[in-house]
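**Student:** One structure follows; several queries about it will come next.
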Amino acid sequence: MIDLLIKNSTLITVNKDREILKNHSIAVKDKKIVDIAENGKLEKKYNGNYKVINGEGKFVFPGLINTHTHLFQTLLKGMGDNMSLEDWFPKMTAPSAVHLKKDDMYAAARLGILETIQSGTTTLVDYMYAHPQPKLSDPVIEGFKELKIRGIFGRGTHNTGQQFGNPEGIIQDIDTIEEDARRLLNEYHNSEDGRIKIWLAPAAIWTNSKKLLKLLWELAQEYNTGLTAHISETPFDRNASQEIHGDSDIKVLENLGLVGPEVLLVHCVHLTDRDKRMIKHYDMKVSHNPVSNMYLASGVSDVPGMIEREIKVSLATDGPASNNSQDMIEVLKSTALLHKVSSMDPTIITAEKVLEMATIDGAKALGMEDEIGSIEIGKKADLFIYNPRLSAKSIPINHPVSTLVYSGSDRCVETVLVDGNIIFDQGKLVTADQEEIITQGQKAADGLAKRAGLEYIKNREWASIAF
Ligand SMILES: [Zn+2]
């Protein structure tokens with residue numbers, strides 16, 4: 001017996017041979033893909049009662065993997081327009097972060113996860129660095145549990161960096177950080193049958209003392225888990241690290257021994273050649289956030305160069321305060337276009353490579369390539385069904401990968417499975433009331449802007465720039 005059959009579809013497997021299988025079916029049982037065969041064969045092989053989804057005219061893609069976001073920022077969409085990172089953080093994001101309450105976190109997480117799922121994303125890494133009150137992490141993890149997405153929760157940390165605009169309200173002492181990190185690791189790491197994991201996440205190298213960085217590394221080793229950090233997002237990151245630690249952010253990690261395949265470096269826009277050699281040498285992974293890098297005008301990461309060095313580069317949205325959305329389909333197109341135009345070479349990156357970055361390379365970045373990232377027998381059934389007929393944007397289809405990357409729309413994401421569970425179907429969440437999540441999200445955003453004294457941004461004058 002099986003639990004579910006998706007029949008007669010086109011499977012974009014992203015398996016080792018990168019097969020695109022037309023007129024094929026997938027059988028799902030006990031959270032996993034247990035069989036793949038040509039149309040008609042699996043119905044004969046498996047008897048009994050199981051759910052059947054007709055995939056005719058549709059595509060099945062591996063679930064997209066978003067390796068970096070900040071869900072609390074879901075409430076801050078549109079508040080950081082026209083700011084550089086140096087203004088965006090102290091003037092908008094940080095004042096909002098210090099006013100966060102548990103209810104805001106729950107509303108932000110659920111709305112952000114809904115949007116994540118809507119764009120065909122089945123795994124996300126939330127990097128939660130704002131802890132102005134105790135236990136603000138828990139509502140995010142509650143959102144993972146309730147909406148049944150695969151979630152990695154990075155417990156973010158700061159204990160220094162006030163001179164560079166890091167607000168007192170989110171700075172914590174080491175003992176408080178250790179106690180809370182251990183609590184989260186003990187309570188949630190590998191919970192929900194492994195669907196939820198806890199990582200350590202020093203917010204930026206310059207916002208963490210060396211002592212704290214070493215502690216986080218010890219915790220990562222003790223609990224056999226990952227560590228992720230913002231690295232060289234702008235030249236400012238490197239300079240602030242130089243001032244505080246006497247070295248660039250990435251060299252600080254190397255000197256302290258925070259290096260290895262379980263380290264995920266976010267942004268990596270302003271790297272030296274030596275930094276790239278080091279990333280490759282230690283098999284560290286990279287999270288590329290093209291929309292955020294363009295929104296904040298942070299620069300262009302040398303993604304083609306890193307791929308050429310065989311560094312594993314994954315894709316991410318970054319927080320909605322520096323993207324204004326959580327749409328991974330938009331990230332696919334942005335990735336391709338950014339690197340083509342910045343190199344003035346249309347051959348530098350392909351739609352297929354971009355899809356790999358958002359699926360199997362994302363799984364590698366999280367150390368989960370044996371479990372997720374492709375449609376293969378034995379892997380977890382984390383996938384989405386794409387119905388191109390739901391948007392004229394996706395028609396005509398001449399190549400399914402090109403359709404998703406360049407002509408893709410979240411409107412065409414019809415069904416999403418995580419761990420074999422249908423969590424989104426016919427454009428609606430299965431697990432919770434979508435309308436309520438949207439209403440609560442808007443309410444929380446309005447309340448937070450008021451408490452943070454940022455209503456002037458919502459009520460700003462028309463902002464055209466006169467030259
Ligand atoms: Zn970030």
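The values are calculated or read from the model by the stated rules, or taken from the named source; none is laboratory data. Small disclaimer: the values here were computed from a predicted structure and weren't measured. Note that each Cβ is placed from the backbone with ideal geometry, even for glycine, and that neighbours are counted across all protein chains shown.
**Student:** From the list 357, 306, pick out the single residue that is touching a residue at least 60 places away in the same chain (Cβ under 8 Å), away from the ligand (no atom under 16 Å from the Cβ) and either touching a Cys at 6+ places or on another chain (Cβ under 7 Å) or not in a loop (DSSP other than H, G, I, E, B) (or both).
**Tutor:** 357
**Student:** Suppose we keep only residues that are within 23 Å of the chain's Cα centre (by Cα) and touching a residue at least 60 places away in the same chain (Cβ under 8 Å) within segment 435-464. Which one would you say is surrounded by the fewest Cβ atoms within 10 Å (Cβ to Cβ)?
**Tutor:** 438
**Student:** For segment 397-420, give me each residue that is assigned to a helix (DSSP H, G or I) and within 19 Å of the chain's Cα centre (by Cα).
**Tutor:** 404, 405, 410
**Student:** Taking residue 176, is it within 28 Å of residue 452 (Cβ to Cβ), out of contact with any strand residue (DSSP E or B) (no Cβ under 6 Å at 6 or more places or on another chain), assigned by TED's automatic domain parsing to the domain that holds residue 284 and surrounded by fewer than 18 Cβ atoms within 10 Å (Cβ to Cβ)?
**Tutor:** Yes; evaluated as a whole, the condition is true for this residue.
**Student:** So, one more: For residue 88, work out the one condition from (1) among the aromatic types (Phe, Trp, Tyr); (2) closer than 25 Å to residue 226 by Cα; (3) within 16 Å of the ligand (Cβ to nearest atom) it doesn't fulfil.
**Tutor:** Tallying (1) among the aromatic types (Phe, Trp, Tyr); (2) closer than 25 Å to residue 226 by Cα; (3) within 16 Å of the ligand (Cβ to nearest atom), residue 88 fails exactly one: (2).
**Student:** Do we find a residue being among the small types (Gly, Ala, Ser), at pLDDT 95 or above, part of a helix (DSSP H, G or I) and closer than 24 Å to residue 10 by Cα anywhere in segment 326-337?
**Tutor:** yes
**Student:** Can I ask one more? Given (1) crowded, with 24+ Cβ neighbours inside 10 Å; (2) modelled with pLDDT of 95 or more, where does residue 188 come up short, assuming only one miss?
**Tutor:** Of (1) crowded, with 24+ Cβ neighbours inside 10 Å; (2) modelled with pLDDT of 95 or more, only one is false for residue 188: (1).
**Student:** Would you say residue 113 is in contact (Cβ under 8 Å) with a residue 24 or more places away in the chain, assigned to a helix (DSSP H, G or I) and within 22 Å of residue 203 (Cα to Cα)?
**Tutor:** When the stated conditions are applied, residue 113 passes them.
**Student:** So which residues in segment 281-301 are farther than 18 Å from residue 67 by Cβ and more than 15 Å from the ligand (Cβ to nearest atom), if there are any at all?
**Tutor:** 281, 297, 300
**Student:** Quick one: count up the residues across segment 50-78 that are over 23 Å from residue 20 (Cα atoms), more than 14 Å from the ligand (Cβ to nearest atom) and at pLDDT 95 or above.
**Tutor:** 4
**Student:** Can you report the number of residues in segment 204-233 which are closer than 22 Å to residue 128 by Cβ and away from the ligand (no atom under 16 Å from the Cβ)?
**Tutor:** Qualifying residue count for the region: 16.
**Student:** A follow-up question, please. If you scan segment 234-271, which residues turn out to be in contact with a His (Cβ under 7 Å, 6 or more places away or on another chain), within 16 Å of the ligand (Cβ to nearest atom), over 22 Å from residue 364 (Cα atoms) and modelled with pLDDT of 95 or more?
**Tutor:** Matches in segment 234-271: none.
**Student:** Suppose the filter is at pLDDT below 95, over 14 Å from the mean Cα position of the chain (by Cα) and acidic (Asp, Glu); does residue 103 pass it?
**Tutor:** Against the criterion (at pLDDT below 95, over 14 Å from the mean Cα position of the chain (by Cα) and acidic (Asp, Glu)), residue 103 does not qualify.
**Student:** What are the residues in segment 398-457 that are among the charged types (D, E, K, R) and in contact with a strand residue (DSSP E or B) (Cβ under 8 Å, 6 or more places away or on another chain), if any?
**Tutor:** 414, 419, 425
**Student:** Mind checking whether some residue in segment 145-154 is under 25 Å from residue 368 (Cβ atoms), modelled with pLDDT of 95 or more and surrounded by fewer than 21 Cβ atoms within 10 Å (Cβ to Cβ)?
**Tutor:** yes
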